[in-house]
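Please treat every number below as a calculation from the coordinates, not as lab data. In this text the structure is predicted, and so the values were computed from the model without any measurement. Virtual Cβ from ideal backbone geometry, glycine too; neighbours counted across all protein chains shown.
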Amino acid sequence: MKRFALRTIIASGLLLGLATTTTLGCVAPPAKTGEKGPVTGGSFVTMDDVDASMNDKVTGDRYQITYEEDDMWHGAPEGALVTIVEYSDFQCPYCSRLTNSLKQVAEEYPDEVRIVFKHFPLAMHKQAKPASEAVLAAHAQGKGFELHDLVFDNARKLSNEDLIHYAEQVGVPDMAKFKADLEGHTFTAQIDEDMKQGQNFGVGSTPSFFINGRPERGTKSPEQLKTMIEEEKKMVQALLDAGSKQSEVYARIMKAAKSERAAPTWPKNPKGKQKSRPGKPDPSK
């Protein structure tokens with residue numbers, strides 16, 4: 001299936017090197033060695049459908065963050081001026097806060113903002129991946145965001161029995177198929193692909209998100225998001241003035257964005273060993 005941008009073939013990233021106001025989030029511990037659904041609707045233009053004639057209108061540090069037409073997204077149905085791709089964990093309280101803020105701004109900008117949900121369950125949250133599997137199983141039957149909302153509202157109770165109960169509550173039409181998908185781990189590969197993509201672009205904590213391909217992390221208030229959205233709209237206006245259709249905006253931004261995120265070189269201590277990686281979000285702030 002077509003990707004929204006080119007598939008990411010890139011060097012492994014570390015953390016998002018970001019200068020943001022508030023960086024609240026869940027941080028995965030260091031890794032130990034050894035260890036589709038219905039279309040939401042609207043036009044879907046990929047970067048393969050546009051030329052590079054407007055690349056000079058796209059400013060800032062941006063990356064080719066892909067998503068498919070049948071991935072989980074909501075908001076502007078006919079193309080968006082601002083596309084926000086979030087990487088999220090259903091047991092992360094900071095993700096829940098960001099999700100609520102994103103829902104609010106999507107409602108305030110119904111024809112301009114699109115939200116894409118990517119799954120990034122951290123290993124320390126044992127039920128986060130089953131929750132993602134359940135939400136994708138519901139999404140395959142047109143009830144993804146309904147279950148998404150209920151799961152976030154009940155993040156402390158996410159056993160398989162709980163997830164099945166929530167699916168019944170939101171009205172998943174074929175519960176036998178839902179149970180088979182959940183118990184058979186039908187959507188594990190899709191979750192793993194989301195995680196690999198995020199990691200390759202430097203996602204190491206949740207929530208992390210990209211606004212028109214520009215990296216950000218941590219929970220944000222609706223007011224903070226609206227400030228970001230208005231800044232993005234100024235940049236996007238240059239594309240529209242140059243003749244871009246609204247449905248082409250994200251494709252044209254992706255056309256100009258970077259396909260790789262190089263790993264940073266960390267400072268070394270006097271013995272020549274690299275220091276610990278800086279930049280992890282501090283939930284206490």
Give the Kirkwood hydrodynamic radius (Å, one decimal) of the range 174-216, defined as one over the mean of 1/r across all pairs of different Cα atoms. 12.3 Å
Mind checking the full-extension length gain between Ala189 and Glu107? Use 0.36 nm per residue of separation minus the Cα-Cα distance, one decimal, nm. 26.4 nm
Pairs over 30 Å Cα to Cα, from Lys57/Lys118; Lys103/Lys255; Lys126/Lys233; Lys177/Lys255, come to Lys126/Lys233; Lys177/Lys255
Ratio of the range 73-126's C-alpha Rg to 2.2 N^0.38 Å, to two decimals? 1.22
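If R0 is 35 Å, what FRET efficiency do you get for Glu223 and Asp61 from their C-beta distance, rounded to 0.05? Don't skip to the answer; put the middle values down first.
Values: r = 23 Å, r/R0 = 0.66.
It comes out at approximately 0.90.
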R0 of 41 Å, Cβ-Cβ distance Lys177-Asp241: FRET efficiency to nearest 0.05: 0.30
Taking 0.36 nm per residue of separation between Met124 and Lys234 and subtracting their Cα-Cα distance, the length gained on full extension comes to 35.6 nm
So, in nm, how far is label Lys258 from label His165 when the simple model puts each one 7 Å beyond its Cα toward the Cβ? 4.7 nm
Report, by chain and number, residues whose modeled amide H sits under 5 Å from the one on Arg261, excluding near sequence neighbours (fewer than 5 apart, same chain). Ala11
